[in-house]
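Structure first, commentary second.
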Amino acid sequence: MKNYFYFNGKEKQGPFSFEELKDEEVKKDSLIWFEGLEDWIPASDLEEMKPILELKPPSISTIHNEPEALNRVEETQTKKATDSQANLTGKTKKRMFSKPFSFEGRIRRTEYGISFIVYMIIITFVNAIVESGEFPIIGLTYIPLLWFMWAQGAKRCHDIGKSGWFQIIPFYIFWMLFTTSAKGINDYGLNPKG
């Protein structure tokens, strides 16, 4: 008997038997894993999940005659489906620099590399201005610049499966710039590559 696990967008759920899995909220884009699979895959890619995915709830007859209420329900369902796809598959277009000052999540090495280049350019100009002595108050820009670089570094560490504290190791920046992402889901979230 197989034990199935699925990812609900926040945490892994399981193990479940196939019959128990029918009672869970498994959708076409839900990520499924069981022993024998190398990585998590969408439920729609598994032939054995078709009976679960084809189950449809009955329509709601109480609002059938109210077009305005029906439109609200359809809009809500569309938004939930979009949000669910974003949470479960990570295949929606996640823009780079969407949360540059957040320490949560994962970023690819491309975003980290661009962050590093931008940081170095800005810090060069700030150093020149501070050393000239004309605008010493500009030195306060060091605070958000360092916050930005530490946040991006923490997310890059998360992407390779490490704690954000690893970035304080001397020369670890080169490892963050050149190593590839940890495949699939790790403790810090979905792979930003999708």
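What the table shows:
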item: 2 or more residues modelled with pLDDT of 80 or more: qualifying helices (runs of 4 or more DSSP H) within the range 1-101; result: 18-22
item: Residue that is nearest to the chain's Cα centre (by Cα) [pool: residues in the range 171-187 that are within 20 Å of residue 114 (Cα to Cα) and loosely packed, with under 11 Cβ neighbours inside 10 Å]; result: 180
item: The range 112-130 residues that are free of Cβ contacts under 8 Å to residues at least 40 places away in the same chain, paired with ones that are of a type outside the set (A, V, I, L, M, F, W, C) (beta carbon under 7 Å, 6 or more apart); result: 115/152; 126/141; 126/142; 130/136; 130/139
item: Search result, residues across the range 143-194 that are of a type in the set (Ser, Thr, Tyr) and touching a Gly at 6+ places or on another chain (Cβ under 8 Å); result: 188
item: Cβ-Cβ under 6 Å pairs, at least 6 apart or on other chains, the range 165-194 side within 14 Å of residue 109 (Cα to Cα), far side among the acidic types (Asp, Glu) and at pLDDT 85 or above; result: 181/159
item: Residue identified as assigned to a helix (DSSP H, G or I), under 24 Å from residue 40 (Cβ atoms) and of a type outside the set (Gly, Ala, Ser) among 155, 193, 162, 183; result: 155
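The values are calculated or read from the model by the stated rules, or taken from the named source; none is laboratory data. Because the structure is a prediction, the values reported are computed rather than measured. A quick note on method: Cβ atoms are made from the backbone with ideal geometry, for glycine too, and the neighbour counts reach across all protein chains shown.
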